[in-house]
């Protein structure tokens, strides 16, 4: 009958709606579970982070042959780094943290750093916090640091394409740290020795985020300077003002070094007097003679003059003051990606070279001191 048909239809509709509601509730519960924040809310609104691998102290000691001197890869403000080979045959880098005791939340802070994944950033693979000292296990880079290729045994071996790739990749890595990760990471010590090269000479930034592992009384800006004088923005080195643009400034200095093959603290004798690299670059730029800055080991037939002029222009933009006129690193990436001319050329009136001279003079007098550490700072974003 029509009444029984109507009842069947109503029953079907009610059943369908009820089933849909149950399905929606199940989906909501699944979504809430999958977007759980980390304990303590250290990453506001972020998905739960995967923890780094736990290594035993004995395994890492064995991998590095008891931290033998011949396996040492380098030294830094946070400790020495050693090459190691683990049981499965993989090569790793092991950093012995020279920070005394760990913070109470050492493992959760390591988890934050280990979840930074980008092609131009060194991976933190794991840690050891239960032995007599704190150890970090890092991705190993066979080609070592950029410093070796600019000033060391490999000097002059990088062509222009390789140098540009290093500049571009470093810019992308910094843009990720500043703007694309769950928290804003300010490196504070961008320099050639903290830019490592893989087998294809692609750059990977090292030693970011390690300030999170320090006890609280060692992380305050006023009590712990992080960075290397000569690469450090004047507003930070002199006035203690810290922002992402500190890294932008350091990036600009490193770019000038990559192009020229000269250290930022090297002195050039000009008719106007002795000049450091940045001031020398400005003088050449303003007289349209910036190609004189180019490393003599580069083959002129292997690069376009306009390309190098543009990269020099971008580097100078990064060193301007106040910080508001410096580009963000994402803007730098766009400028490097685009073949068009720079729309807002840099101006020397936006650079306080007196501050730069003070900074570099201090660098020359403290080169052998422990100020050239590989510190970093993370400033958490709030919603």
**Asked** If the chain between residue 10 and residue 241 were fully stretched, how many nm would it gain, using 0.36 nm times the residue separation less the Cα-Cα distance?
**Response** 76.3 nm
**Prompt:** What is the distance, in nm, between label points placed 7 Å from the Cα along the Cα-to-Cβ direction at residue 348 and at residue 331?
**Reply:** 2.3 nm
**Asked** For the residue pair residue 26 and residue 72, what label-to-label distance in nm results when each label sits 7 Å from Cα along the Cα-to-beta-carbon direction?
**Response** 6.1 nm
**Asked** Between residue 179 and residue 324, what length comes free when the chain is fully extended (0.36 nm per residue of separation minus the Cα-Cα distance, one decimal in nm)?
**Response** 50.6 nm
**Prompt:** In nanometres, what is the gap between the two model label sites at residue 18 and residue 340, each 7 Å from Cα along Cα-to-Cβ?
**Reply:** 6.2 nm
**Prompt:** Relative to a virtual label point 7 Å from the Cα of residue 130 in the Cα→beta-carbon direction, which members of segment 53-79 show backbone nitrogen distances below 16 Å?
**Reply:** 53-61
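Provide the gained length on full extension for the span residue 98 to residue 299, in nm with one decimal, where the gain is 0.36 nm per separating residue minus the Cα-Cα distance. Walk me through the numbers on the way to the answer.
Values: separation 201, 0.36 × 201 = 72.36 nm, distance 4.31 nm.
This chain segment gains 68.0 nm when fully extended.
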**Request:** Over segment 57-162, consider all pairs of different Cα atoms and compute the Kirkwood hydrodynamic radius from their mean reciprocal separation; express it in Å, one decimal.
**Result:** 15.2 Å
**Message:** So if I restrict to the alpha-carbon atoms in segment 232-315, what is the Rg, and what is Dmax, the biggest pairwise distance, in Å?
**Reply:** 13.8, 44
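Coordinate-derived values only; no laboratory data. Just so it is clear, the model here is predicted, and its values are computed rather than measured. Counting neighbours? That spans all protein chains shown, and the Cβs are built from the backbone with ideal geometry, glycine included.
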